[in-house]
1. Using only Cα atoms, tell me the angle between helix 110-119 and the longest principal axis of the chain; keep it within 0 to 90° and round to the nearest 10.
2. Using Cα centres only, tell me the gap between the stretch 66-118 and the stretch 127-163 in whole Å.
3. Once fully extended, how much extra length lies between residue 26 and residue 43, figured as 0.36 nm per residue of separation less the alpha-carbon to alpha-carbon distance?
4. Over the stretch 4-89, what is the relative contact order in percent, taking alpha-carbon pairs closer than 8 angstrom and at least six residues apart?
5. What number in nm² do you get for the stretch 4-89 if you take the convex hull of its Cα atoms and divide its surface by four?
6. Any chance you could give the angle, 0 to 90 degrees and rounded to 10, that helix 72-89 forms with the longest Cα principal axis of the chain?
7. Report the net charge of residues surrounding residue 59, where surrounding means a beta-carbon distance below 11 angstrom and charges are Lys +1, Arg +1, Asp -1, Glu -1.
8. Taking 0.36 nm per intervening residue step and subtracting the Cα-Cα distance, what contour gain separates residue 2 from residue 169 on full extension?
Amino acid sequence: MLIETESTPNPATLKFLPGRTVAGPATYDFADPDAAEASPLARALFALGDVERVFFGRDFVAVTLASGGADWASLKPDVLAIIADHFASGAPLVTSALTEAETFDNPEDAEIVAQIRDLLDTRVRPAVASDGGDIIYRGFDRGIVYLHLQGSCAGCPSSTATLKGGIENLLRHYVPEVVEVRAI
């Protein structure tokens, strides 16, 4: 199996493209080894010891190195081997259902929320996925949109610029009721 790699804006994160569907329309973000219990692949990657985060996108696996640990030159061959072995084995990506965090919205804002979600799904998420991450809508309250950053976006040095300069400006332009975007 040929697995390509791509760098991301987050220097600690590398994107691995196995040339096949990984998570399909879902995304899975594992911020620590305890969360990875639901995924054999994530567990194996965390077992390397120098992995801080694992994220599964539609057709990629994003792996973030732990700060102060190994570098990509030494860890990349091990990550490639684990990913190749996992997909060759036919093992499932996740073995148990993962609960999704709840969103909070005022029912009176349903039309605004629909506009926000549409813009996020059609304009923001595809761009962020190309950088090895995802942005999940969590709520809208009094003009503030709450988003959860996943994958390479979590902890990325440029995430604040993306959130404020990109996403906030886009939403404010198309949805005048939006006054701010915050990461949670």
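1. With both axes taken from Cα atoms, the answer is about 40 degrees.
2. Result: 13 Å between the Cα centres.
3. Working: separation 17, 0.36 × 17 = 6.12 nm, distance 1.86 nm.
Working it through step by step, the gained length comes to 4.3 nm.
4. Working: 137 pairs, mean separation 25.9, N = 86.
In percent, rounded to a whole number, it is 30.
5. Values: hull surface 20.9 nm².
If I average the Cα hull's projected area over directions, I get 5.2 nm².
6. 90
7. +2
8. Values: separation 167, 0.36 × 167 = 60.12 nm, distance 3.89 nm.
Roughly 56.2 nm would be gained on extension.
Quick note: the coordinates plus some simple rules give every number you see, no bench work behind them. A quick note: this is a predicted structure, and the numbers were derived from the prediction, not measured. Every residue, glycine as well, gets a Cβ built from its backbone with ideal geometry; the counts of neighbours run over all protein chains shown.
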